[in-house]
Amino acid sequence: MVRDTARAFSEKTLFPNAARFEREEKIPREVLAELASLGLMSVNIPAQYEGAEAGAVAYALAMFEIARGCASTAVTMAVTNMVGEVIAKFGTEPQRERYVKGLATGELVAGAFALSEPEAGSDPGSMRTVAERKGDRWVITGAKQWITSADFAGVFVVWARTGGGGTAGISAFLVPAQTPGLIVSKHEDKMGLRASSTCALTFDACEVPEDALLGELNGGFKIAMMALDGGRIGIGAQATGIASAALDEGVAYARDRKQFGKSIGDFQAIQWMIADSRTELDAARLLVLRAASLKQAGALFSREAAMAKVFATEKAGIICDRMLQVHGGYGYTKDYAIERHVRDVRVSRIYEGTSEIQRTVIARNVLR
Amino acid sequence: MKILVPLKRTADPDNANKIKIAPGGAKVVTDGLEPKPNPFDEYAVESALRLTENGTNPKARLAGDSVVVATFGAKEASQTLRQALAMGADSGLLFEASDENLDGDLVARALAKVVEREKPDLVVMGKQAVDGDSNQVGQILAERLGWPSATFAMSIELSQDKKSVIVGREVDGGVIKLKLALPAVITVDLRIVAPKSITNHVTPQTHNYQEGARYAPLPMIMAAKKKPLAEAPFASLGVEGVKTSYVKFEAPPARKAGIKVKDVPELVQRLRAEAKAL
């Protein structure tokens, strides 16, 4: 039923409008509000904080359907759910009441996750943003990069250095939008996911109260890694959803397009591309769902999430590319949605941990 | 006010092109088709919910109001009831039966028994099911109960004292408005889910519903798992005997290929001479 709701909303509201959202470079605020009212911004959040409490598997299924309709909406939803989950898990009661509820009800519109920096991407241990004590307050100074939804998010989880070097000296803070010194700067002009907003952030002596600290002092790295494990399930599901949309486009085109007097779908060359794509898509989906069901059962799922993410995103990239090939020259024009899918899916091998980092996580886990 | 909404589980009508007919025309084969609630019944659920809520807070029924959904069907039809519960209905009743052993008259007689037990103030149902297209259960039910009825409703206005409704009915060339004293039976048509088709004097006049039946929000889906859903055999209703049986099913004739014309003058000439459309 969760899937049915996500699918119905996606097919009616997202799919027919995704090209327009991209052109206008924004997801309408009403769409985000509806996502929240349907519980899609709080799929795995406890009901006591107005969440849907539907579990990690439902989250993956919902993400898959939303991404089929609009990949940009899907990434906005993914980050907001991740932020809500991380605050629900590590936050104090007042933090949960304010932020987790606010994200679930849509009052805070979206959540933002500020970990990466211009010089610290895959290596958060090299982060330079600092938070310094000033009486009973923290003063954050530095820069963050690739912040999804930064220009309309109601709350930011911000990682900053509070102790010594490396990963052991990092803490997480909750910073509401409009806090003086939190400056949303460059709006990135991206290749894909153009309806989602991605910005750089500058922290210019941004002051937050003591109770803005999320979790333990200098315990931020662990929080980030746990959030990203869950986030990887989301991005694996998102990529699978985009690939599924691409496959639908490719199959429809293969049926319609005639060459040499028959549908191109009658040619084995096309059939094999479709057969391989369908098989890989199902395998990707199953890996994502396995990681989600481990998470839901409370088991360790880091390795499985990394496996699902690297497999799903890489296969999704290949599937989108193949389906563009099925479209021939028309696939290279903006008249067909397939070119958008190819651009949208590309980043899934980069964000939420690159393919290379996923492999590192998997290998470390296997060789341990 | 208590509203009863009967539901039918049908094969996904959007998949109509894949419905097959068994050899000899004995029956329709729906294997492999995804079951869905009859769309008109979903509109009936939506109508019942709109009648019993403040549209600005669709998660809760108004004090003293409730919506009961009921179906006759296979065990799996409980899924259809759960879906209605996730949309906002309060409780569900499944009477286990096989579709092949039911006809419109028997369904109406059985519903009359459900009405006797549940004592609703209003029955709201789809005008017809998209599989059999019989369009008769609502009418027979009203007759059996001796209740007033209005079919093909496109609007419903509940009176402030909740003792009557004014129902807009779509007819050729316009709309007829009927006033019915409650209890009554209303069968709904597709325009009943337009943004302002239902008035209950609680939802603000300015409120615009989204067109169509509402989606089940995720928190309500989870909450629906805990709502009461009673199951009983169809026989427990104490009615039996099918009076109609299907003789034969035939597929519509395959569409013939169209013709291509070489230019507009030929198109105009053919439209005039052959199609007599001009």
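The values are calculated or read from the model by the stated rules, or taken from the named source; none is laboratory data. Fair warning: this is a prediction, and the values are worked out from it, not measured in the lab. Cβ: placed from backbone, ideal geometry, glycine included. Neighbour counts: every protein chain shown. Accessible surface areas use protein heavy atoms only, side chains included; no ligands, DNA or RNA. Shrake-Rupley method; radii C 1.70, N 1.55, O 1.52, S 1.80 Å.
Using the alpha-carbon atoms, what tilt in degrees (0 to 90, nearest 10) does helix B:39-51 show relative to the longest principal axis of chain B?
Once rounded, the angle reads 40 degrees.
In nm, to one decimal, how far is the modelled label at residue B:63 from the one at residue B:210, with both set 7 Å along Cα→Cβ?
Taking the two extended label points, one gets 3.0 nm.
Report the extension gain between residue B:190 and residue B:172 in nm, rounded to one decimal, defined as 0.36 nm multiplied by the number of residues separating them, less their alpha carbon distance.
Computed gain between residue B:190 and residue B:172 is 5.0 nm.
If the cut-off is 21 Å between C-alpha atoms, which lysines fall inside it for residue A:262, apart from same-chain ones fewer than 8 positions away?
Answer for residue A:262, where 21 Å is the Cα cut-off: B:256, B:260, listed by chain and number.
In nm, what is the difference between 0.36 nm times the number of residues separating residue B:202 and residue B:20 and their Cα-Cα distance?
Additional length available on full extension: 60.8 nm.
Using label points projected 7 Å from each Cα along Cα→Cβ, tell me how many nm separate residue B:272 and residue A:336, to one decimal.
4.2
Where in region B:187-204 is the amide nitrogen less than 20 Å from a point lying 7 Å along the Cα-to-Cβ axis of residue A:33?
So the set is B:194-197, B:203-204.
I'd like the GluC sites (Glu not before Pro) in region B:242-278 restricted to DSSP loop residues with at most 16 other Cβ atoms within 10 Å, sorted by number.
Passing both the DSSP loop test and the Cβ count: B:250, B:274.
Which chymotrypsin sites (Phe, Trp or Tyr not before Pro) from region A:219-280 combine a DSSP loop assignment with at most 16 other Cβ atoms within 10 Å?
Taking region A:219-280 and a limit of 16 other Cβ atoms within 10 Å, the loop chymotrypsin sites (Phe, Trp or Tyr not before Pro) found are A:260, A:267.
Along the charge dipole of chain B, Cβ charges K/R +1 and D/E -1, which of B:233, B:132, B:44 sits furthest on the positive end?
Comparing the listed Cα positions along the dipole, B:44 ranks first.
With r as the distance between the Cβ atoms of residue B:12 and residue A:205 and R0 = 60 Å, compute the FRET efficiency 1/(1 + (r/R0)^6) and round to 0.05. Could the numbers behind the result be given before it?
Details: r = 59 Å, r/R0 = 0.99.
For residue A:205 and residue B:12, the calculated efficiency is 0.50.
Classify region B:63-121 as rounded, prolate or oblate from the Cα gyration tensor: take a ≥ b ≥ c as the square roots of its eigenvalues, call it rounded if a/c is under 1.5, otherwise prolate when a/b beats b/c and oblate if not.
Details: a/c = 3.04, a/b = 1.29, b/c = 2.35.
The shape class here is oblate.
To the nearest 10 square angstrom, what accessible area does residue B:133 show with a 1.4 Å probe?
Here the accessible area works out near 80 Å².
Under a 1.4 angstrom probe, counting protein chains only, how are A:251, A:208, B:264 ranked by accessible area, largest first?
Working: A:251 40, A:208 0, B:264 100 Å².
Greatest to least solvent exposure: B:264, A:251, A:208.
Rounded to the nearest 10 degrees, what's the angle between the helix A:71-90 long axis and the longest principal axis of chain A, both from Cα atoms, 0 to 90?
Around 30 degrees separate the two axes.
Which parts of region A:145-165 would a label at residue A:218 reach, counting a residue when its backbone N lies under 16 Å from a point 7 Å out along Cα-to-Cβ?
From region A:145-165, the list is A:160-165.
Taking a probe of 1.4 Å, how large is the accessible area per residue of the protein assembly as shown, in Å²? Before the final figure, lay out the partial values.
Working: 30060 Å² over 646 residues.
Ligands and nucleic acids excluded, the result is 47 Å² per residue.
Test of the criteria: in region B:25-104, which trypsin sites (Lys or Arg not before Pro) are in a DSSP loop and have at most 13 other Cβ atoms within 10 angstrom of their Cβ? Provide the component values of the computation, followed by the final result.
Working: sites: B:27, B:50, B:59, B:61, B:75, B:82; in loops: B:27, B:59, B:61.
When the trypsin sites (Lys or Arg not before Pro) of region B:25-104 are filtered for loop state and at most 13 Cβ neighbours within 10 Å, B:27, B:59 remain.
Order A:273, A:226 by their accessible area, 1.4 angstrom probe, all chains in place, largest first. Numbers along the way, then the final one.
Working: A:273 40, A:226 80 Å².
Solvent-accessible surface, decreasing: A:226, A:273.
GNM on chain A, C-alpha springs below 10 Å: top fluctuator among A:298, A:125, A:215?
A:298
Which of the aspartates and glutamates could a cross-linker bridge to residue B:59, judged by Cα under 13 Å and excluding same-chain residues fewer than eight apart?
A:50, B:46, B:90
With an 8 Å Cα cut-off and a minimum separation of 6 or more residues, compute the relative contact order for chain A in percent.
Details: 740 pairs, mean separation 59.2, N = 368.
After rounding, I find 16 percent.
For the Cα atoms of chain A, what angle does the longest principal axis make with the long axis of helix A:302-327, in degrees from 0 to 90, nearest 10?
40
Mind telling me which of B:148, B:183, B:204 comes out most flexible in a GNM of chain B, alpha-carbon contacts under 10 Å?
Its mean-square fluctuation being the largest, the pick is B:204.
Can you flag which of B:20/B:227; A:309/B:226; B:2/B:177; B:8/B:226 are past 27 Å Cα-Cα?
Listed pairs above 27 Å: B:20/B:227; A:309/B:226.
So what are the ³J(HN,Hα) numbers for region A:351-368, from phi and the Karplus equation (6.51, -1.76, 1.60; θ = phi - 60°), rounded to whole Hz, Gly and Pro as x?
These are the phi-based 3J(HN,Hα) values: 7, 6, x, 5, 3, 5, 5, 4, 5, 4, 4, 5, 4, 4, 5, 6, 7, 4 Hz.
Quick one: 3J(HN,Hα) in Hz for region B:176-190, Karplus 6.51/-1.76/1.60 with θ = phi - 60°, rounded, Gly and Pro as x.
Karplus-based 3J(HN,Hα) across region B:176-190 equals 9, 10, 10, 9, 10, 7, 7, x, 8, 10, 10, 10, 10, 9, 5 Hz.
How many square angstrom of accessible surface are buried between A and B, both sides summed, with a 1.4 Å probe and rounding to 100? Display every interim value, and only then the final one.
Working: alone 16050 and 15370 Å², together 30060 Å².
In total, chains A and B hide about 1400 Å² from solvent.
So, with a 1.4 angstrom probe, what is the percent of accessible area on chain A that is carbon and sulfur?
Ligands and nucleic acids excluded, carbon and sulfur give 53 percent.
Once ligands and nucleic acids are excluded and a 1.4 Å probe is used, how much of residue A:70 is accessible, expressed in Å² to the nearest 10?
Here the accessible area works out near 10 Å².
Which residues of region A:26-61 end up with at least 30 Å² less accessible area in the presence of all protein chains than when their chain stands alone, using a 1.4 Å probe?
The answer is A:34, A:38, A:52 - residues whose exposure falls by at least 30 Å² when every protein chain is included.
Less than 16 Å apart at the alpha-carbon level, and either on another chain or at least 8 residues along: which aspartates and glutamates does that give for residue B:179?
The reachable aspartates and glutamates, counting only those whose Cα sits under 16 Å from residue B:179, are B:121, B:157, B:161, B:170.
Using the Cα centre of region B:138-278 as the reference point, and only Cβ charges (+1 on K/R, -1 on D/E), how large is the resulting charge dipole? Debye, rounded to the nearest 20.
Details: 21 positive and 13 negative charges, 51 e Å.
In total the dipole reaches around 240 debye.
Once label points are set 7 Å from the Cα along Cα→Cβ at both residue B:101 and residue A:189, what is their separation, rounded to one decimal in nm?
In this crude label model, residue B:101 to residue A:189 measures out at 7.1 nm.
Have a look at region B:211-227 and report residues whose accessible surface goes down by 40 Å² or more when the remaining protein chains are included, against the chain on its own, probe 1.4 Å, ligands and DNA/RNA excluded.
Residues meeting the cut-off: B:215, B:218, B:219, B:221, B:222.
Compare B:84, B:194, B:70 in a GNM of chain B, Cα atoms joined below 10 Å, and give the one with the largest fluctuation.
B:194
Please list, in order along region B:218-223, the HN-Hα scalar couplings obtained from phi with the Karplus expression 6.51 cos²θ - 1.76 cosθ + 1.60 (θ = phi - 60°), rounded to whole Hz, x for Gly and Pro.
The phi angles translate into 4, x, 6, 4, 5, 5 Hz.
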